[in-house]
Amino acid sequence: MKYLITAVMALMLSACSTLNTGWDYDPGVNFSQYKSYAWVEKQSEDTSYHLDGLMDQRVRDALDRQLAQKGLQAAAKENADILVNYLTKVDKKINVDTFNTNYGYNPYWGPGWGWGGNMQTQTTVREYEIGTLIVDLVDAKSGKLIWRGSVADTIRDSDTPQKRIAKVNEAVASVMSNFPPKVEK
């Protein structure tokens, strides 16, 4: 499972992609009041929903950079205004494509005899995975979720650590592009 999650995030965040991002937030929250953040501490040793090792650090580094660009400073948990956490998940999908062709010469007597009477059907089935990164921001005082962003993409292979870092940075920048939320008028 640990390898799968690491591979998923590395692959999800690689190659040319169209990142599918989404956000939700509490409209009653004044986001300008938040000046500092801290990471949520792990409650257990269960790492089944978190990335491990290098990918975990890449996601955290990318989120740290994005939050700093938004004007938030890292702080000790007891002094932070916001607590930050992220989760990952993988969904398997199946794509079925069927193509019908009706062309050519059918030399046999019966229905479809002569030109254009040959019907062929080809079906291809492809299984693929969609990886999702979810970022949660929680008000440290109330413990309420105030903002959630997600980014999803088809998992693809990425060869080098530099490409993985670039894709993680792209995905995190994409998901954090609507924080703080833009107020619609």
Go through the range 33-38 residue by residue and turn each phi into a ³J(HN,Hα) via Karplus (6.51, -1.76, 1.60, θ = phi - 60°); whole Hz please, and just put x for glycine and proline. 6, 8, 10, 9, 9, 9
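Among the listed pairs LYS42/LYS77; LYS42/LYS92; LYS144/LYS182; LYS89/LYS167; LYS70/LYS141, which have their C-alpha atoms separated by more than 22 angstrom in this model? Intermediate values should be presented prior to the final figure.
Details: LYS42/LYS77 13 Å; LYS42/LYS92 27 Å; LYS144/LYS182 20 Å; LYS89/LYS167 17 Å; LYS70/LYS141 20 Å.
Correct reply: LYS42/LYS92.
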Between beta-carbons, use under 10 Å as the cut-off and find the net charge around ILE130, counting Lys and Arg +1, Asp and Glu -1. 0
Counting Lys and Arg as +1 and Asp and Glu as -1, what is the net charge of the other residues whose Cβ lies under 12 Å from the Cβ of ASN95? 0
Rolling a 1.4 angstrom probe over the protein chains, ignoring ligands and nucleic acids, what is the accessible area of SER32 in square angstrom, nearest 10? 70 Å²
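Percent of accessible area on the range 121-185 owned by carbon and sulfur, 1.4 Å probe? Numbers along the way, then the final one.
Values: 1820 of 3570 Å².
Carbon and sulfur together cover 51 percent of it.
When only the heavy atoms of the protein chains count and the probe is 1.4 Å, how do VAL183, VAL59 rank by accessible area, highest first? List each step's numbers first, then the result.
On the way: VAL183 120, VAL59 0 Å².
Greatest to least solvent exposure: VAL183, VAL59.
Can you tally the net charge around SER177? Count Lys and Arg as +1, Asp and Glu as -1, for every other residue whose Cβ sits under 12 Å from the Cβ of SER177. Intermediate values should be presented prior to the final figure.
Working: positive: LYS70, LYS182; negative: GLU170.
Once positives and negatives cancel, what remains is +1.
Could you sort GLU129, GLU41, GLU78, GLU170 by their accessible area in this structure, using a 1.4 Å probe and putting the largest first? Write down the numbers at each step before the final one.
On the way: GLU129 40, GLU41 105, GLU78 150, GLU170 80 Å².
Output order, biggest surface exposure first: GLU78, GLU41, GLU170, GLU129.
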When the solvent-accessible surface of protein heavy atoms is calculated with a 1.4 angstrom probe, in what order do ARG126, ARG148 fall, highest first? ARG126, ARG148
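The values are calculated or read from the model by the stated rules, or taken from the named source; none is laboratory data. Since this is a predicted model, take the numbers as computed values, not measurements. When we count neighbours, we look across all protein chains shown, and the Cβ atoms used for this are built from the backbone with ideal geometry, even at glycine. Areas reflect the complete protein model, heavy atoms only, side chains present, ligands, DNA and RNA absent. Shrake-Rupley method; radii C 1.70, N 1.55, O 1.52, S 1.80 Å.
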